[in-house]
1. Could you identify the single residue in A303, A312, A270 that is of a type in the set (A, V, I, L, M), in contact (Cβ under 8 Å) with a residue 40 or more places away in the chain and closer than 30 Å to F213 by Cα?
2. Of all helices (runs of 4 or more DSSP H) completely enclosed by the range 209-280, which ones contain at least 3 residues that are surrounded by fewer than 18 Cβ atoms within 10 Å (Cβ to Cβ)?
3. What's the number of the only condition in (1) within 23 Å of I268 (Cβ to Cβ); (2) part of a loop (DSSP other than H, G, I, E, B) that L70 fails to meet?
4. In the range 79-101, which residue that is in contact with a strand residue (DSSP E or B) (Cβ under 9 Å, 6 or more places away or on another chain) and assigned to a loop (DSSP other than H, G, I, E, B) is surrounded by the most Cβ atoms within 10 Å (Cβ to Cβ)?
5. Can you tell which of N76, N41 is surrounded by fewer than 24 Cβ atoms within 10 Å (Cβ to Cβ) and either more than 20 Å from M438 (Cα to Cα) or polar (S, T, N, Q) (or both)?
6. Please go through (1) touching a Cys at 6+ places or on another chain (Cβ under 6 Å); (2) free of Cβ contacts under 8 Å to residues at least 60 places away in the same chain; (3) not aliphatic (A, V, I, L, M) for N76 and return the number of the only condition it doesn't satisfy.
7. Which of (1) hydrophobic (A, V, I, L, M, F, W, C); (2) in a helix (DSSP H, G or I); (3) surrounded by fewer than 20 Cβ atoms within 10 Å (Cβ to Cβ) does W163 not meet, given it meets every other one?
8. Please indicate, with yes or no, whether at least one residue in the range 321-328 is of a type in the set (A, V, I, L, M), in a helix (DSSP H, G or I) and over 23 Å from T496 (Cβ atoms).
Amino acid sequence: MDEHWIFESRRSPVLGMHGMVATSHPLAAKAGLDILEKGGNAADAAIATAAALNVVEPTSTGIGGDCFALYYDAKNQEVYALNGSGRSGSKQTIKSMRDLGINSFQDGNIATSVHAVTVPGAAMGWFDTLEHFGQMKLNDVLRPAIQLAEEGIPITPVISKHWNDSTELLKSASPNSNELLLNNSAPLAGDIWKNPNLARVFRELAEGGPEAFYKGSSGKAIVQIVEDLGGHITSVDLANHVSTFDKPISTQYRDYRIWEHPPNGQGIVALIALKVLEQFEIGKMQRRDPNLLHLLIDTIRLAFRDGLNHVADPSFVDIPVDWLLSTEHALDLKSLLDSSHSVAPNEGPEKTSDTVYLSVVDGNGNACSFINSNYSGFGTGIIPKGCGFTLQNRGSGFSLHETHPNSLEPSKRPYHTIIPALITHADTNELFASIGVMGGYHQPQGHVQTMINLIDFGMNPQAALDEPRFSIYREPPWGVVSIEDGISDNTLLELTRRGHRVERSTGASRLGLFGRGQIIVRDRETGVLWGGSDGRGDGAAITW
């Protein structure tokens, strides 16, 4: 690595050769590393890590949610995509929602109600990831998570805060809140948390596979609680669930190829933005300069406009992916940009957060970029009796406008925020980086900013994550741009002059706004792995 990889950062990158795991909790990273040390590959370690995160960070993820994976096979230098997202109930329609007086998933508490529950895709996604890309059995890779759940883990300050913020949701969502509370309260930092119910669910899944989850005691408990609360997921919906293996989408940026999941994921938003930004000499600009930030903010806004208009379940609608990623469309978007004033102050996504992302690269150069989520924190907060996990609220990603591509329909996947990414060298398709940034609609924004840091500014993975970021959210009449400490007041004033509505984000508010990211870069000459984990949370990149 050259001198540009030395950068003012909060901590140094982690370097190793035989394998590396980076995620938002050290105990989960260790679970994945243990699998690598036992001979597992990147996919095996990814599932071990994802399951462990369900134990140590239930505030963001779980087997009651969804997952996505991008897998890089070093032998044939190919990228594969697994979509582990669930679908709406087979009898759930816009009419059925309106009959209940529901006209939007953004109304009141509807976004985290039983009506937002979709089929949890994680259990099947874990199994299918192993079956298609792994070398070990589910029984082996779930063992570390089961041990953590049974023996207990200490709760970190960050997770305790998120847990406390969701206490009232858990208490009101279902009669089983005691399963995820300690003495009717959120665990405090340093408290020991055990989850024997989740350990049992994992044992059943490990021994019986996904059928044991979807048709066994967990599935029955899911159906029962959803039925009791007036929801829409049935035993038939669970039994019919399948993952899909989709062709990943990509675009070239400089000397690299950026890989994302196709819709129903929002990875295309990042690719649209990068396709536009490739036409500018980003590396000659100053990283925290208002000219660059203005360009990035408006480009991402325009990319989100495309995403919010088009991203949906491709089984139901035709999505013009090729056109959206075309040079012609990028030039059209570029023509809308104005260096002196914001061209799209009203454009921006809703403010949501909470997900876990993990990155694994093994000693052979295989990589698994993996993401798992409940959507909003604990999701709905609804706990199936005796299961120790909550059900996601991913259905709140649907539109209740009939003509929208992402409109609610039976057995349909919603617009999905969670997006893993990979970067390869464009000339050979050798692995360059496994990368992801968490946090709802911040994810494409985080992808673009960290990828530019890596590629245009030559930062090492830790520095790329530590660099201050912005995050755009919708708040009429303008889209608010939250900007982290480290970017000067003069820059904020200049952005305001150009028509952006900016706000300074500092302290604990940064946790929800800017997500947390993980990056592992592989040196193509030496095979040395460079890892970074976001300092905005508890994460760690560990190696051997």
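The values are calculated or read from the model by the stated rules, or taken from the named source; none is laboratory data. Owing to the predicted nature of the structure, the values given are computational and were not obtained by experimental measurement. Neighbour counts are summed over all protein chains in view; Cβ atoms, including those assigned to glycine, are modelled from backbone coordinates with ideal geometry.
1. The match here is A312.
2. 217-228, 235-239
3. The failed condition is (2).
4. Checked the range 79-101; the qualifying residue surrounded by the most Cβ atoms within 10 Å (Cβ to Cβ) is G86.
5. Result: N76 is the single residue among N76, N41 that is surrounded by fewer than 24 Cβ atoms within 10 Å (Cβ to Cβ) and either more than 20 Å from M438 (Cα to Cα) or polar (S, T, N, Q) (or both).
6. (1)
7. Just one mismatch for W163, condition (3).
8. Looking through the range 321-328, at least one residue is of a type in the set (A, V, I, L, M), in a helix (DSSP H, G or I) and over 23 Å from T496 (Cβ atoms).
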